[in-house]
Structures are given as structure tokens and as C-alpha cells.
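The structure under discussion appears below in the form of C-alpha cells.
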Amino acid sequence: MPVPTMTRARAVAETVTDPELPMLTLADLGVLRDVEERDGRVVVSITPTYTGCPAMDTMRDDLVHALNRAGYDDVEVRVALHPPWSTDWISDDGRRKLAEHGIAPPGAAPRRPTGPIPLTLATRRPVHAHAESVGRDNAEVTGAIRVSEVGVGVTCPWCGSAETEEVSRFSATACKALRRCRSCQEPFEHVKEI
Amino acid sequence: MTAVFDNAYEAIIDADSDARWAFGTGFENPLAGVDTSLPPDVDGADLAAYCLMLGDDALIMSHRLQQWCTRLPELEEEVAVANIGLDLLGQARLLLSRAGAARAGADGIDGGRVAEDAPPDGRAWEDHYAFFRDEHEYRNVRLAELENGDFGELTARLLVFSTWRLALLNRLTESTDPVLSAIAAKGVKEVTYHRDYAAQWTVRLGDGTDESHQRMQAGLDAVWPYVDELFVAHPVEERLAAGGAPDSAAVAVDPSTLRTEFDDVLVHVLKASTLRRPDLAATPGIAGRTGRDGVHTEAMGFLLAEMQSVARAHPEGVW
Ligand SMILES: [Zn+2]
């Protein structure tokens, strides 16, 4: 039985890698939302990680070229804005590859509360490696605004120590923070939970 | 680390790709494939005007942040402020594109009548709005356009701007325009970080040395006369926010309803920073007209002259 063409088109699209995290495919990242055929054309839907992500056009070109090379001449890439991308969509395989490349994968994304967004006013030194929530369980209520702390639960991808601290909320790309390990002293990047 | 850069470099020099980031033929429509038809019973001209307001806030604030590049005290702050500016630029692109789509929809794409402010063939709405409007056509709040001061002023401006914008975007996720709602939902995630960044620096400087405290307070005093303006509803905002009961869904958010949340956040940050809330009068506009009406400060003309110079000198330019 022949392989259905859309399965093959999807398989091709799933090989395309991210321009800024080339160890991951767009599928690993959860950026590739859908591959389908409409009126004889392949329609691929992708979602931006951050709205200003300058790599969107490269991703679009890479997808079109990969599908063209595989024999699909009519390819359209669409933007899917809703629902917004979440680091929870990064696959287990993607998380493993990040860690292998020295980038700490994200923990669970904070749930969007009803009402005002909690303010994170201070970073806190890590306590142990298994406090999986960031900006959630540590929240304290101060007046009408919830105030929480970050910095718990990020493990050093080099030595596995939980004794790590945030150096900067922003790193070489918008999606990563810069951290430092207090055990092995190495700096590393951490994909921020959003 | 090295493996990452090696791979990225290899990705960039991929020999059989002829269109690449930074030397392709321009950006794609950031709303490509998104359904931008007008929601029922929404005035397209009003929706376009509203998207321009929120888009211009992001665009002009982003430009001021970009001007900080190479001037910040530490490399970490360079990267942070550049990324915040990039997030806002991304929000501006989506909002200006949404404004253009609403403008086209208002005049009826099928009816053949083209909006009189429509871009010439081959120019995207977002570029048309960003680079080919004049000062009085910009709808951003004046806070965004003020001349840059020192790092204390930057921190204060970012604290005020992002506290206000986060409250606004968070409510806008309920917009009855699905495009605005989706843009807002992405923006909330980004601006949450912006506000945290500004709040953390406010505390660090305010509760730091005498010198840092004094300069942080001076920064807050410098931007405070532009705070009240953030909470004054323009008639377009009033019309689009009038969806029914106060808490029921509408296209837009009435900014006057955001003041309580803004004040709550500021009270908390200022207390932790040992700073005082300024007691300063608002800077009036002209006959009550301010940024949302296209009435700007002296700084705006100089800002636009710089921001628009390349696009206006080379209107057909590609790179
Ligand atoms: Zn380590």
C-alpha cells in the first residue's frame, strides 16, 4: 500500500530544523503546527515562538525549499497565532537534545491565572531540583498583586547540579535566559518557560 | 557551546538555499494565512485606528529601546533591552498589519474601493504605516516617544510602560476580535518578562546606593507627568470598549479601567524600592489633545526623522 502523500509531506516538514537551535526540528520545538493538503497544495502552519522572532522568514523559506526538493511544487506556509506558543510544546526528544547541547530545557510553563498577572520581584537561590513550578507554587499574595520568585529547579546541563543561579533573564535569543552553575562554575543557557 | 555555533554557521551557509535571513528580499506578512475578516458589527475604521494606537505604542517604544544598544552599562542589559525592543517590534508588526487588514476590510476588498491611505502596490501595510506617515498621524502615547535619559529613566519608563501594557494586553485576550485576542495572548507572555525586568531593576537601584536611589527617583519623576495620559480613553477606545456590561467582552479595553491594577503594582514595587510615588501634575496636551489624538512632544519629530530616513530615501529598496 502506498504511503499517503500527506504523511510523506508531513515527514519532510518534520525534518526541517530551527535556524537558531539547529539541533532541534521545528516539530521538536512545537513550532510546526499542521501540514495538510488543500486544493492540490501543501499548506504548512507554523507559530512564532516570540512575536519578534526574526527567524520566522527563514523557517518559512526552509520549509518551502525542503518540500520543493521532495517534489511538492505548490507549498504555502501560514502563520497560526492562536493558541500562543508554549514551551510545554517542546517534545521530550527536543528536551533531551537541548540538554545534550548544554541548554537547560524549560520546566512547566506557568499557568495563566485569571485576573492580574503575578509580578516576579526577586530571584531566589535554588533549594532543590524538583520544585517544578516556576512563578506558581512560590507565589505569595501581597495586596492585590501576587508576587513570586524564580530560579528554582533549573539543573546544570553540564554537571547535573541543582545549585544554579540566573545571571540574566535574556540571552543570545529572546527565548533563553543565561544562568551559571555554582558547582562547576560553567555558564549555560536555559529555555525560559512561557 | 561550540557545537551550537558550528551548526548555526553551517545552517547559514547551506549552499542550496537561495533565500536567506538578512539577505532575502524582505519580510513576509506576519499575518500570512491568518483570517483577518472583520468581526460582525465592528467598524473597520475604528478597529484600524485602535490597532494603530497599540501598534504605535510598541513601535515607538521599541525604537527608543533600540537607541540604547551599545550604550547600556553591562552586556547583560544590552541583550535584555535589545530583546525587549525586539518583542515590541514584533507586536508592532502584527498590530500595524492588523490595522491595514481592518482598513482594507472597512472599505470592502470586493467593492473595489481602496482605502485612501492604502499603500502603493508592492508595499506592505506595516511598512506603509511605520515609515510613510507623518507625526500627526501617529497615535502612540507620549510616554513612548520621550527623549532617552539615563538608565534610571529607562528603568522607570519601562516599568510604567510595561505595567500598563501588560494590564491592557491581559484584558485584551478577551477581545471579540480573534486576531487582536491572539496578538494579546502572545504579548502577555512577553510583557510579563519586560515588567519583571524593569521592576527588578527598580528595586535594585531604588534600594541600592544613595546615588542609584536618587537617580532612580529622578527617572520616575521624569516620566510621571505622562502617566495619567495612559488611562484616558480616546473616543475610538470608548466606542470599541462599549460591548455591554463593564466586564463583558468587547473589541477593545477602556484604559481607564486599568488604573487600579497599575497603581497596585506600582505601590508594591515602590515600597520594595524605597522610592516615593511622585506628586507631579500631568503634562497637558494642546487643548486636551495628546498622543492618541496625534499631538506629540518635540521629541517625536526628531525620532521619526531618524526612524523613517532610510525607508523614505529608498522607498523601493530591498536588501
Ligand atoms: Zn554545573
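The values are calculated or read from the model by the stated rules, or taken from the named source; none is laboratory data. Just so it is clear, the structure is predicted and the values come from calculations on it, not from any experiment. Positions of Cβ are generated from backbone atoms using ideal geometry, with glycine treated the same way; all protein chains shown enter the neighbour counts.
Residues that are within 12 Å of another protein chain (Cβ to nearest Cβ) and farther than 21 Å from B:Gln91 by Cα within the stretch A:42-55 comprise A:Val43, A:Val44, listed in sequence order. Here A:Asp73 passes the criteria (1) within 8 Å of chain B (Cβ to nearest Cβ); (2) out of contact with any Pro (no Cβ under 9 Å at 6 or more places or on another chain) except the one numbered (1). What residue, of B:Thr209, B:Thr192, is at the interface with chain A (Cβ under 7 Å from one of its Cβ atoms) and of a type outside the set (Gly, Ala, Ser)? Only one candidate passes the filter, namely B:Thr192. For the stretch A:181-194, taking the residues that are farther than 26 Å from B:Ala185 by Cβ and within 20 Å of the chain's Cα centre (by Cα), the one that is farthest from the ligand (Cβ to nearest atom) is identified as A:Pro187. Test B:Leu230 against the stated conditions and say whether it is touching a Phe, Trp or Tyr at 6+ places or on another chain (Cβ under 7 Å) and not hydroxyl-bearing (Ser, Thr, Tyr). Yes.
Checked against (1) modelled with pLDDT under 95; (2) over 16 Å from the mean Cα position of the chain (by Cα); (3) assigned to a helix (DSSP H, G or I), B:Tyr193 meets all criteria but (2).
Anything in the stretch A:152-180 that is more than 13 Å from the ligand (Cβ to nearest atom) and part of a loop (DSSP other than H, G, I, E, B)? List them, or say none.
Going through the stretch A:152-180, the residues more than 13 Å from the ligand (Cβ to nearest atom) turn out to be A:152-153, A:166-178.
Of everything in the stretch A:152-180, those that are more than 13 Å from the ligand (Cβ to nearest atom) and part of a loop (DSSP other than H, G, I, E, B) turn out to be A:Val152, A:Gly153, A:Arg169, A:Phe170, A:Ser171, A:Ala172, A:Thr173, A:Ala174, A:Cys175.
Criterion first (modelled with pLDDT of 95 or more and away from chain A (no Cβ under 14 Å)) does B:Ala242 satisfy it? Taking the combined requirement at face value, the residue does not satisfy it.
Restricted to helices (runs of 4 or more DSSP H) entirely inside the stretch B:60-171, those with at least 3 residues that are in contact with a strand residue (DSSP E or B) (Cβ under 7 Å, 6 or more places away or on another chain) are B:75-107.
Restricting the stretch A:21-47 to residues that are surrounded by fewer than 21 Cβ atoms within 10 Å (Cβ to Cβ) and within 19 Å of the chain's Cα centre (by Cα), the residue that is farthest from B:Leu180 (Cα to Cα) is A:Met23.
Among the residues of the stretch B:137-152, those identified as out of contact with any Asp or Glu (no Cβ under 9 Å at 6 or more places or on another chain) and surrounded by fewer than 23 Cβ atoms within 10 Å (Cβ to Cβ) are B:Asn148, B:Gly149, B:Asp150.
Could you tell me which of the residues B:Thr163, B:Thr209, B:Thr260 is β-branched (Val, Ile, Thr) and in contact with a helix residue (DSSP H, G or I) (Cβ under 6 Å, 6 or more places away or on another chain)?
Within the list B:Thr163, B:Thr209, B:Thr260, the selection yields B:Thr163.
Taking the stretch A:56-70 as the search range and keeping residues that are surrounded by fewer than 21 Cβ atoms within 10 Å (Cβ to Cβ) and within 7 Å of chain B (Cβ to nearest Cβ), which one is modelled with the highest pLDDT? It comes out as A:His65.
Okay, residues lined up against (1) within 14 Å of chain A (Cβ to nearest Cβ); (2) in contact with a strand residue (DSSP E or B) (Cβ under 7 Å, 6 or more places away or on another chain); (3) free of Cβ contacts under 8 Å to residues at least 24 places away in the same chain; (4) surrounded by 15 or more Cβ atoms within 10 Å (Cβ to Cβ):
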{"site": "B:Ser273", "(1), (2), (3), (4)": "yes, no, no, yes"}
{"site": "B:Asp279", "(1), (2), (3), (4)": "no, no, yes, no"}
{"site": "B:Gly288", "(1), (2), (3), (4)": "no, no, yes, no"}
{"site": "B:Gly291", "(1), (2), (3), (4)": "no, no, no, yes"}
{"site": "B:His296", "(1), (2), (3), (4)": "no, no, no, yes"}
{"site": "B:Gly301", "(1), (2), (3), (4)": "no, no, no, no"}
{"site": "B:Ala305", "(1), (2), (3), (4)": "no, no, yes, no"}
{"site": "B:Gln308", "(1), (2), (3), (4)": "no, no, no, yes"}
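Name the residues in the stretch A:89-100 that are out of contact with any Gly (no Cβ under 8 Å at 6 or more places or on another chain) and either of a type in the set (A, V, I, L, M) or surrounded by fewer than 18 Cβ atoms within 10 Å (Cβ to Cβ) (or both), would you? Correct list: A:Asp92, A:Asp93, A:Arg96, A:Leu98, A:Ala99, A:Glu100.
Residue selection: A:Arg38 fails the criterion of being more than 13 Å from chain B (Cβ to nearest Cβ), over 25 Å from B:Gly90 (Cα atoms) and charged (D, E, K, R).
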